[in-house]
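The values are calculated or read from the model by the stated rules, or taken from the named source; none is laboratory data. Not measured: the values here are computed from a predicted model. Virtual Cβ from ideal backbone geometry, glycine too; neighbours counted across all protein chains shown. Side chains included, ligands, DNA and RNA excluded: accessible areas come from the protein's heavy atoms. Shrake-Rupley method; radii C 1.70, N 1.55, O 1.52, S 1.80 Å.
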Number of protein chains: 2
Amino acid sequence: MTPLPAAFEHTLSQLLGDDWRTDPNSLQAHAQDNSWRHALPQGVAMPRNREQVQAIVRACRQHGVPLVGRGTGTGTTGAAVPTAGGIVLSFAQMNRIVAIRPGDRCAVVEPGVLNGDLQQALMPHGLFWPPDPSSADICSIGGNLACNAGGPRAVKYGTSRDNVLGLVAVTGTGELIQCGGPYTKDSTGYDLTHLLVGSEGTLALIVEATLKLTPRPRSQAGLRVLYRDAEAAAAAVSRVMAQPVTPTTLEFMDARSLQLLRHNGAQVPEAGAMLLIDADGDDDTLPYLLNALAEAAEGDGMLALDVATDGSTRDKLWAARRALSPALKTIAPGKINEDVVVPVSQIPALVEGVQQLSAQAQLPIVTFGHAGNGNLHVNILYHPEDASENERAHAALPKVFELALQLGGTLSGEHGIGLAKRDFMTQAFSAGTLATMRAIKQALDPDGILNPGKVLPEQEDL
Amino acid sequence: MTPLPAAFEHTLSQLLGDDWRTDPNSLQAHAQDNSWRHALPQGVAMPRNREQVQAIVRACRQHGVPLVGRGTGTGTTGAAVPTAGGIVLSFAQMNRIVAIRPGDRCAVVEPGVLNGDLQQALMPHGLFWPPDPSSADICSIGGNLACNAGGPRAVKYGTSRDNVLGLVAVTGTGELIQCGGPYTKDSTGYDLTHLLVGSEGTLALIVEATLKLTPRPRSQAGLRVLYRDAEAAAAAVSRVMAQPVTPTTLEFMDARSLQLLRHNGAQVPEAGAMLLIDADGDDDTLPYLLNALAEAAEGDGMLALDVATDGSTRDKLWAARRALSPALKTIAPGKINEDVVVPVSQIPALVEGVQQLSAQAQLPIVTFGHAGNGNLHVNILYHPEDASENERAHAALPKVFELALQLGGTLSGEHGIGLAKRDFMTQAFSAGTLATMRAIKQALDPDGILNPGKVLPEQEDL
């Protein structure tokens, strides 16, 4: 890797002072994300305002230096790992909540604000921001927007893309663009806002976001429903989603998940599949909502239904779901966790197909997740130090993606593409669609300095 | 205008047979929209499938012929008027409902399907597609998507952009692209779906859409609330939107609207402003929802609150709202109706500012509309044949836009830009933002054949 040009280093040093870092500790601290991919950057820029972001992008463009935007590095796809060298631009110091506007149901934030910190700040206003990835306490809003993060609540409240009203961003040319704003209806020009969400820092760097807020419901309650098999549970998911009461969460666990939990001592009855269904509302309406959901959950193949109307009973029902990710590690230290999406009606076919892949690979594969969105986490478990298991696990992965695509689904519902799924994009999209995505990349980042090599597959030489 | 090249006409005639029209009646029938702008096309293509659309676009590209996509021409901005000559591509014959998938809460449709026909087809499934523009019975889904149509229900259910899951479209290069699909969560590559919605046929032609459906609520009920003045009503709007029960509709009418209705014999009490607030749910929960909304609506400056729990009482309350548009014509034959958006908290400032403009222009300006989204219809009423009134009306219009922008709002919430607001885009967006929109236009339509001259303002020669 060629060293950074001296003139570039001089410019950034002049611009940022101590906020330009090249010491080994700083480089090391910005070298990986939660995918455990690792690549040292050549420098770390920690701007404090949008003007500095613009100046950094312009310097990178002038000197042809790659630039990787970074929140807190909780992503799982390698999107924040500087595999092409160059610099990491960390938003850690752009973490102000600029405004909370309860009357307009929105908040204006810098990208470095942590999701959890925003939720805390919104609490006194009776509002919340819906995206709830499992890393909510420690991940940044900018990162949430970059990969279109979701979480269990997305079935009712949508993902990050559905909960942003406007953005200020810096494109690959250093241009500051502003789109959308503190309003919920907009037919004014091209929708740059939603285009930037999920583009993983490859089109522009978000420097401010106007977020759509939702009033916090007064009460929550939940159901735990056991089924004979995945098919019966999936049929219940379709029934639940076809009636007017949308659940707050609608989580699915396959037979393997339940076996695993029992194996780890959790109080989970024998069943072929389980749904956790939550509702929110107020004390007056919640019993009716829960009743509507329970009625929809009932049907052929249902074995048992438990209701939790108070917080502590609900916590007990949910304990199993929370215990699941840690429990995976008790089977095998290695885990490939992908968040494929299928149409809700195809959940049984996905679960069945995954079990066939598990048998072929002779490896346990555990499937659970956000069934209301057809967004299931498929976890291939293996011992990385066992060469054969390692090979079989990585050979099974493309087959999981193929299966999801065959069923009319897609590669990712909330983690994004990054490096992890980049090479499968040619299966998900036609050449013409990918060419159009590349043309948009070229339009916003003509020199290809923003997060090069991520999202879009390498182009074949013609 | 130069005639269409003979080779081009030959190609289209070979491709389309009788579905290629150049007779005067056909040209006349595709020359205007509901903005009453008028320009004859040089030919009308009425394809029956996506392959024909691709072939038409390729022929237009090869011969440099402008192409304007068209639904049923109910748009109000001139977006469907072929002002640059060339051909109109009508989707009237691509009007199949391809699939209704209740289990996946989605429908797949061709762009020519009428909004009202889709709603009818969804009725037996207990589902609906939320966008409800006032022209719903006669406007097409493709047109709804092209201008990101909304309607009163958008406050609860969102606009067209919020209710589409995937698109198949033909770009300006003739490339067929496919993005999204029958699933509700997607972090896979660039979000072309939401980018195309609202781009008014300038980036690509939608040939198929996968629409997000919502279960039809079992019951509806409404409130009519009268206030001392617009400020008191707007404060109530903010209160309603800050609590957890989102109304199905939240419509505002200013003092002028109420005067006008009374003047036309409607049974509307004296008041400074009125809100119509609807809720939907089921028989069990609706009374609680209505109660929560009524509590939020109550406050300083409220004069009276009427409840309509059954359909016919509700119809009576809504009769006033429906009578409003026709009533406008009894004041003056000319009407400039713009659908500006402001943050909800700025509604009083908008209403006050508009009344000042009304006084300055010495013309009645009536303001009403979708207050829950801050999306108000500002109607400047004048006699077009009176040169002075005509001039004053058209001089007031830019001031309405300036006011909305000053208040942190934007130009259009549901009608789009077309020709009507194109020249105000330079006030709504920075030069850098417009340059980025132009770069995207260039990326998807490099020869500028798709609906030239719409949405983006003419570029100044440098």
Open item on the list: Taking just the alpha carbons, could you work out the radius of gyration and Dmax for segment A:97-215, both in angstroms?
Closed with: 13.1, 40
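Counting only Cα atoms, I'd like the Rg/Rh figure for the protein assembly as shown, Kirkwood definition for Rh. Kindly include the intermediate steps, with their values, before the conclusion.
Details: Rg = 27.7 Å, Rh = 28.7 Å.
Here Rg/Rh amounts to 0.96.
Before anything else, pin down the relative contact order of segment A:6-90: Cα pairs under 8 Å, at least 6 apart, normalised by residue count, whole percent.
Details: 145 pairs, mean separation 30.9, N = 85.
Over segment A:6-90, the number comes to 36 percent.
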TODO: Average the reciprocal distances over every distinct pair of alpha-carbons in segment A:219-406, invert the result, and give the Kirkwood radius in Å.
DONE: 16.8
TODO: Could you tell me what percent of the DSSP beta bridges with both partners in segment B:25-101 are antiparallel, to the nearest 5?
DONE: 10
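Scanning chain B for GluC sites (Glu not before Pro) in DSSP loops with at most 13 other Cβ atoms within 10 Å, what's the longest stretch left with none? Let's see the in-between values first.
Numbers: sites that count: B:GLU270, B:GLU298, B:GLU385, B:GLU458, B:GLU460.
The answer is B:1-269.
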TODO: Note the distances from A:ASP18 to each other copy's matching label point, with points 7 Å along the Cα-to-beta-carbon direction, in nm, sorted shortest first.
DONE: 8.1
Task: Rg and Dmax [Cα atoms of chain B; Å; Rg one decimal, Dmax integer] - done: 22.7, 71
Task: Taking all pairs of distinct alpha-carbon atoms in segment A:379-425, Kirkwood radius in angstrom - done: 11.8
Open item on the list: Roughly how far apart, in whole Å, are the Cα centres of segment A:388-439 and segment B:370-437?
Closed with: 44
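Do the sum for chain A: with -39,500 (n - 2.57) for every DSSP H run of n ≥ 4, divided by all residues, what is the mean residue ellipticity at 222 nm, to the nearest 500 deg cm²/dmol?
Details: 15 runs with 163 residues, N = 462.
Value at 222 nm, helices only, nearest 500: -10500 deg cm²/dmol.
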Task: Positive-end residue, segment A:62-141 charge dipole about Cα centroid, Cβ charges, pick of A:SER135, A:CYS106, A:GLN119 - done: A:CYS106
Open item on the list: Placing +1 on the Cβ of each Lys and Arg and -1 on the Cβ of each Asp and Glu in segment B:6-90, which of B:GLN42, B:GLN62, B:HIS30 has its Cα farthest towards the positive end of the resulting dipole?
Closed with: B:GLN62
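Which shape class, rounded, prolate or oblate, goes with segment A:372-462 when its Cα gyration tensor gives a ≥ b ≥ c as root eigenvalues, a/c under 1.5 marks rounded, and past that a/b bigger than b/c marks prolate? Kindly include the intermediate steps, with their values, before the conclusion.
Details: a/c = 2.17, a/b = 1.63, b/c = 1.33.
Verdict is prolate for segment A:372-462.
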Task: With Cα atoms, 0 to 90° folded angle of helix A:6-16 axis to chain A main axis - done: 70
Task: Label distances, nm, A:GLU51 versus same residue in remaining copies, Cβ-directed 7 Å point - done: 6.0
Task: In degrees, nearest ten, helix A:50-63 long axis to first principal axis of chain A (Cα) - done: 70
- [ ] Find the accessible area per residue for chain B; the probe is 1.4 Å, ligands and nucleic acids are left out, and the unit is Å².
- [x] 36
TODO: Find the centroid of the Cα atoms in segment A:155-169 and in segment B:122-195, then give the distance between the two in whole Å.
DONE: 17
Task: Angle in degrees between helix B:347-361 and the longest Cα principal axis of chain B, rounded to the nearest 10 - done: 80
- [ ] Please report how far the C-alpha centroid of segment B:49-83 lies from that of segment A:246-283, rounded to the nearest whole angstrom.
- [x] 51
TODO: Can you tell me the dipole magnitude for chain B around its Cα centre, using point charges on the Cβ only (Lys, Arg +1; Asp, Glu -1), in Debye to the nearest 20?
DONE: 460
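Within the set A:LYS399/B:LYS185; A:LYS185/B:LYS399; B:LYS316/B:LYS454; A:LYS212/A:LYS329, which residue pairs have Cα atoms separated by over 30 Å? Walk me through the numbers on the way to the answer.
Working: A:LYS399/B:LYS185 21 Å; A:LYS185/B:LYS399 21 Å; B:LYS316/B:LYS454 40 Å; A:LYS212/A:LYS329 37 Å.
Long pairs (Cα-Cα over 30 Å): B:LYS316/B:LYS454; A:LYS212/A:LYS329.
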- [ ] Mind listing the label-point distances from B:GLN267 to the same position on all other copies, shortest first, one decimal in nm, points 7 Å along Cα→Cβ?
- [x] 6.0
Open item on the list: Given contacts defined as C-alpha pairs under 8 Å and at least six residues apart, what's the relative contact order of chain B, whole-number percent?
Closed with: 15
Open item on the list: Please compute, over every Cα-Cα pair in segment A:6-90, the percentage with a separation greater than 22 angstrom.
Closed with: 19
Open item on the list: For segment B:100-215, what does the relative contact order come out to in percent, with C-alpha contacts under 8 Å and a separation of six or more?
Closed with: 34
TODO: Provide a whole-number value for the mean count of partner chain Cβ atoms within 10 Å of the Cβ atoms in peptide B:158-166.
DONE: 2
Task: Within segment A:1-52, chymotrypsin sites (Phe, Trp or Tyr not before Pro) in DSSP loop having at most 16 other beta-carbon neighbours inside 10 Å - done: A:TRP36
